[in-house]
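Visitor: Have a look at this one.
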Amino acid sequence: MPNQPAAGRPASHLFYQSRLRRPLASHAEGIYIWDETGRKVIDGSSGAMVVNIGHGNPRVLEAMKRQMDKVTFAYRLHFENEPAEELARRLAGLMPEGMDKVFFVSGGSEAVESCLKLARQWAVAVGQASRYKVISRFPSYHGSTLGALAVTGYDALTAPFLPMMQAMPKIKAPTAYLDRDNLSMEERGLKYADMLEEKVLAEGPESVLAFIMEPIGGASTGALTAPDSYYPRIREICDRYGILLIHDEVMSGAGRTGKYLGGDHWNCNPDLIALSKGLGAGYCPLGAMIAPSRLVQPVLDAGGFAHGYTYAGNPLACAAGLAVLDEIENHDLLGNATRVGNLLRQELEGLAERFPFIGDVRGKGLLLAAEFIADRETMAPLPKEMNAYQRVVDIAYERGLIIYSRRTRGGTEGDHFLVCPPMIITPEEI
Ligand code: PLP
């Protein structure tokens, strides 16, 4: 007897409850997306900070069609392919010095998993097998697969799985906007960075493999940046104890903040970088781990990286990624993200002046967020029952704007919303 589909949308691939019935997407162009009824809304979050160059870019679509006529899949263990080779070369040119090896994947969680596993295999290969702990921050988001989730600091997502995941130590992410001490910004940055050293010492330095952080926070913190002094101090501590520094640039990378990498705002030199989202910009699933030869070679010499995904280095996805990169470079989208981002930030700060329940506006370029609060003095969050983070999304949507919002302080309390339109947005559209 054949399956009897349930009423409604039987084949929905979404396994969670939503208060709003999601409309069917019909078509999209530039910063706009239309639903099945013909209603047009501004994609003010570029999906989930993905569609960085806007929807329906004809040059990217053309490049994909050209590639489709040649070959759409060539298994990486059987063939190299031209778009993957060229994209790897171009990406390496955008990375900090020495980051010359690119390992393609199909998404952010895969990119993070790859960093964790390469780090571990490197340690084993160079005779440091005692190192296996990865210190991360709270709050943070690094992905949904078990490895990436194990380093994620977001209670609402990790709680059911804690017993299944190796305990991974966490330190507090800098939340300078919440601090009510007499420290200068510089001192505060150092205070938070030094929490890493305390944690390393508490865990035993010989057991610590890596530290992973989002140089500019994403959805879990609402575009949180640390004080400037934080970044070099973190590098110093990692070097002191031989710990690898992993930058998760899945959301902050690919130009969204006005520089190709979020860490470029502080000239950071991480040991491993995870990229995705804006790399394929919604045209194809695409991600990458970027690593230096000094980490990759010992792994190769020891027999090779025991890791890989079937769709990795897919020629169609890489052709899309190349065309996306061309768009970013040919239309100075990094410059636009900075210019228009400054304007958007001013507008958000204007809102914060008018409305006392907006407590903090933060971020860089077009990765911007505003946090709701109940009280400016104490920065206390709004009561949880208000569900401000969901209500603001509903209200904005009713008025024709998609924004992205989450709980802020680790997924349990606090509310923020992110405004991250495509980097092609004009001042008028802002
Ligand atoms: N890392 C960060 C910083 C992210 O923001 C995300 C997704 O939002 C991920 C990793 C996971 O990426 P994906 O959902 O593509 O697996």
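The values are calculated or read from the model by the stated rules, or taken from the named source; none is laboratory data. In this text the structure is predicted, and so the values were computed from the model without any measurement. Methodologically, a virtual Cβ is constructed for each residue, glycine included, from the backbone with ideal geometry; neighbour enumeration extends over all protein chains shown.
Visitor: Please state which one of Pro270, Pro227, Pro285 is in contact with a helix residue (DSSP H, G or I) (Cβ under 9 Å, 6 or more places away or on another chain), assigned to a loop (DSSP other than H, G, I, E, B), over 30 Å from Leu61 (Cα atoms) and within 16 Å of the ligand (Cβ to nearest atom). I'd like the intermediate steps shown before the answer.
Guide: On the way: Pro227 fails: within 16 Å of the ligand (Cβ to nearest atom); Pro285 fails: over 30 Å from Leu61 (Cα atoms).
Sole residue among the options that is in contact with a helix residue (DSSP H, G or I) (Cβ under 9 Å, 6 or more places away or on another chain), assigned to a loop (DSSP other than H, G, I, E, B), over 30 Å from Leu61 (Cα atoms) and within 16 Å of the ligand (Cβ to nearest atom): Pro270.
Visitor: Return only the number of the condition from (1) crowded, with 19+ Cβ neighbours inside 10 Å; (2) in a loop (DSSP other than H, G, I, E, B); (3) at pLDDT below 95 that Gly359 does not satisfy.
Guide: Evaluating Gly359 over (1) crowded, with 19+ Cβ neighbours inside 10 Å; (2) in a loop (DSSP other than H, G, I, E, B); (3) at pLDDT below 95 leaves (2) as the failure.
Visitor: Something else about it: Could you please give the count of residues in the range 134-145 that are among the charged types (D, E, K, R) and either surrounded by fewer than 22 Cβ atoms within 10 Å (Cβ to Cβ) or in a loop (DSSP other than H, G, I, E, B) (or both)?
Guide: Of all residues in the range 134-145, those among the charged types (D, E, K, R) come to 137.
Next, from what is left, pick out any that are either surrounded by fewer than 22 Cβ atoms within 10 Å (Cβ to Cβ) or in a loop (DSSP other than H, G, I, E, B) (or both): none.
Number satisfying all stated conditions: 0.
Visitor: Please tell me if Asp239 is assigned to a helix (DSSP H, G or I) and either without any contact (Cβ under 8 Å) to a residue 40 or more places away in the chain or acidic (Asp, Glu) (or both). Walk me through how you get there before you give the answer.
Guide: Working: assigned to a helix (DSSP H, G or I): yes; either without any contact (Cβ under 8 Å) to a residue 40 or more places away in the chain or acidic (Asp, Glu) (or both): yes.
In short, yes.
Visitor: Consider the range 243-263. How many of its residues are more than 9 Å from the ligand (Cβ to nearest atom) and of a type in the set (S, T, N, Q)?
Guide: 1
Visitor: So for the range 120-130 (the condition being under 16 Å from the mean Cα position of the chain (by Cα) and aliphatic (A, V, I, L, M)), does at least one residue qualify?
Guide: So the first thing to find is which residues in the range 120-130 are under 16 Å from the mean Cα position of the chain (by Cα), and the list is none.
The answer is no, given that none of the residues of the range 120-130 is under 16 Å from the mean Cα position of the chain (by Cα) and aliphatic (A, V, I, L, M).
Yes/no matrix, rows are residues, columns are (1) part of a helix (DSSP H, G or I); (2) buried (at least 17 other Cβ atoms within 10 Å of the Cβ):
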position: Gly253; (1), (2): no, yes
position: Arg256; (1), (2): no, yes
position: Leu300; (1), (2): yes, no
position: Phe305; (1), (2): no, yes
position: Val324; (1), (2): yes, yes
position: Thr338; (1), (2): yes, yes
position: Leu343; (1), (2): yes, no
position: Gln346; (1), (2): yes, no
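Visitor: Further, regarding this structure: Criterion first (surrounded by 14 or more Cβ atoms within 10 Å (Cβ to Cβ), over 30 Å from Gly280 (Cβ atoms) and out of contact with any strand residue (DSSP E or B) (no Cβ under 9 Å at 6 or more places or on another chain)) does Gly127 satisfy it?
Guide: Working: surrounded by 14 or more Cβ atoms within 10 Å (Cβ to Cβ): no; over 30 Å from Gly280 (Cβ atoms): yes; out of contact with any strand residue (DSSP E or B) (no Cβ under 9 Å at 6 or more places or on another chain): yes.
Against the criterion (surrounded by 14 or more Cβ atoms within 10 Å (Cβ to Cβ), over 30 Å from Gly280 (Cβ atoms) and out of contact with any strand residue (DSSP E or B) (no Cβ under 9 Å at 6 or more places or on another chain)), Gly127 does not qualify.
Visitor: Is it the case that some residue within the range 307-316 is over 30 Å from Lys65 (Cβ atoms) and in contact with a Gly (Cβ under 7 Å, 6 or more places away or on another chain)?
Guide: Start the filter on the range 307-316 by keeping residues that are over 30 Å from Lys65 (Cβ atoms), which leaves 307.
When the remaining residues are screened for being in contact with a Gly (Cβ under 7 Å, 6 or more places away or on another chain), the result is none.
No, the conditions are met nowhere in the range 307-316.
Visitor: Let me ask something else. Sort out which residues of the range 129-154 are of a type in the set (S, T, N, Q) and away from the ligand (no atom under 12 Å from the Cβ), and write them in order of number.
Guide: So the first thing to find is which residues in the range 129-154 are of a type in the set (S, T, N, Q), and the list is 130, 136, 140, 144-145, 152.
Across the range 129-154, the qualifying residue is only Ser130.
Visitor: Could you list, in sequence order, all residues of the range 175-219 that are within 16 Å of the ligand (Cβ to nearest atom) and in a loop (DSSP other than H, G, I, E, B)?
Guide: Keep residues of the range 175-219 that are within 16 Å of the ligand (Cβ to nearest atom), which gives 210-219.
Matches in the range 175-219: Glu214, Pro215, Gly217, Gly218, Ala219.
Visitor: Tell me whether the range 108-117 contains one or more residues that are modelled with pLDDT of 95 or more, within 16 Å of the ligand (Cβ to nearest atom) and over 17 Å from the mean Cα position of the chain (by Cα). Give the derivation first.
Guide: Taking the range 108-117 first, the residues modelled with pLDDT of 95 or more are 108-117.
The next check asks that each one be within 16 Å of the ligand (Cβ to nearest atom); those that pass are 108-117.
Checking which are over 17 Å from the mean Cα position of the chain (by Cα) leaves us with 117.
Within the range 108-117 (the criterion being modelled with pLDDT of 95 or more, within 16 Å of the ligand (Cβ to nearest atom) and over 17 Å from the mean Cα position of the chain (by Cα)), the answer is yes, since at least one residue qualifies.
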